[in-house]
């Protein structure tokens, strides 16, 4: 699978980067080469939470790190490489407003766009962009009403750090991961063509160091530096794990998600023309104290979120049966409801949800459905992924899901868009029979679109058969399952899911 190949690339690249870039994790010696650099880039990307996640990350700690470096005489410049307005439970409520406020407090200096900045449409994005106090650099996203970069962003920027002039471009992916129905007056240009347009301008304006701030797939970043070797540094995002790689002469850095790490990159161009780059991946832990001003903003939005979660989204006319022992061994109405919601979100032929991801272990009564209840149904922060799979792979997934019966098991599949029968007398790997997709018999050779949680895509609950599947919408681009459920309820306003024979046993 592509993800595993990238991880292997990352591991090999980290070893290479240590030797090539002279990674400096130790304290700086006065007069050391890193201490003489005029700018210290601090990189974050794909940040969906303002507060620490499982003890790691937190924008208040990032702000404190920046302040510590400034107090030590450095010139820290905090850069965010896209994906932060969404998805999260808080973003489903505040439409990214909480991220703008926290990043303003943290002292973000520069950002570009990622695919999730478009989740609420281009008008909402522009409103958020105008609330930001930092500089936006967006080279390939154009407002068709003005012909200029969206949200009054700069298409490129040249900034002086002492005697060093640094040129920046900002590139966002233009793939189907951004739904075109959310772009009412926005055009996504080819990122490499935009680079071709603006890199000469940055160099013409005197840039001695070129930095591309990108939210592109790693393969596209590599294609970018292959075509434009004059790029000295890519501060990138989109992949959700750290990547440090040197491609030709260009350093590509991605710092993982939720500010669990900050990539520190000190850069200098010596008088004779030699480029110096010093790299360090800094864990953001409780060893770094919170910046009080940023922590206060985060706490204020957390308090507001508590009341917002009690907002009623819709109504269920029937109780929702989420009792685990039944949910993990048979079709349940709550399973049909969740599977229908993620299939609708993905626009897929079918959906499979592992029953272990549906929580509460209770019967939710008929009546109003609040955001709090919907989050409680699926509290894990998983996202909707869309695959294209053969009927053979789909059958393998169903067989795996029912292989532990009669034992109750979290892998048991709740489904949408398909029906099947469980032959309990058959061998464990051949129990799914009479499978139908959209009412038609399953064709083992046909390719179907399938919506699943990213947990399953990653092999969770033993679903390993998707390792080589074609991924249409990856974990980095999918909607939060809790958000998909909320959108589904809000659109219908009233639900009444039934056990309707999607899964039968003989």
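Here, each number is a calculation from the coordinates, and none is a lab measurement. Only a predicted model underlies this, so the values are computations on that prediction, with no experimental measurement involved. Cβ atoms come from the backbone with ideal geometry, glycine included; neighbour counts cover every protein chain shown.
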Using Cα atoms only, what is the angle between the long axis of helix 59-71 and the major principal axis of the chain, expressed in degrees (0 to 90) to the nearest 10?
10
Give me the angle, in degrees from 0 to 90, between the Cα long axis of helix 391-401 and the longest principal axis of the Cα atoms of the chain, rounded to the nearest 10.
80
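For a test of the definition: using alpha carbon positions, the gyration tensor, and the 1.5 limit on a/c, classify the chain as rounded, prolate or oblate.
On the way: a/c = 2.06, a/b = 1.81, b/c = 1.13.
Judged from the Cα gyration tensor, the chain comes out prolate (a/c at least 1.5, a/b above b/c).
Taking Cα atoms of the range 92-137, Rg/Rh with Kirkwood Rh, to two decimals?
Working: Rg = 10.0 Å, Rh = 10.8 Å.
Checking Rg against Rh, the ratio lands at 0.93.
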Per residue convex hull volume, Cα only, the range 312-505, in Å³ is 99
Ranked on Cβ counts within 10 Å of their own Cβ, fewest leading, 184, 220, 373, 294 go 184, 220, 373, 294
With 10 angstrom as the radius, rank 99, 311, 129 by how many other C-beta atoms surround their C-beta, starting from the fewest.
311, 129, 99
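Rounded to the nearest 500, what is the chain's calculated 222 nm mean residue ellipticity when only DSSP H runs of at least 4 contribute -39500 (n - 2.57) each, over all residues?
On the way: 14 runs with 152 residues, N = 506.
Only helices count here, giving -9000 deg cm²/dmol.
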With an 8 Å Cα cut-off and a minimum separation of 6 or more residues, compute the relative contact order for the range 145-277 in percent.
18
Exposure proxy check: 133, 95 ranked by fewest other beta carbons within 10 Å?
133, 95
Can you give the angle from 0 to 90° between the axis of helix 97-106 and the longest principal axis of the chain, with both taken from C-alpha atoms, to the nearest 10?
30
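Once you keep just the Cα pairs under 8 angstrom separated by 6 or more residues, what percentage relative contact order results for the chain? It would help to have the intermediate numbers written out before the result.
On the way: 1161 pairs, mean separation 79.3, N = 506.
It rounds to 16 percent for the chain.
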Tell me, what is the percent relative contact order of the range 206-346, built from C-alpha pairs under 8 Å that lie six or more residues apart?
12
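What does DSSP give for the chain in terms of the percent of beta bridges that are antiparallel, rounded to the nearest 5?
Antiparallel bridges: around 65 percent, rounded to the nearest 5.
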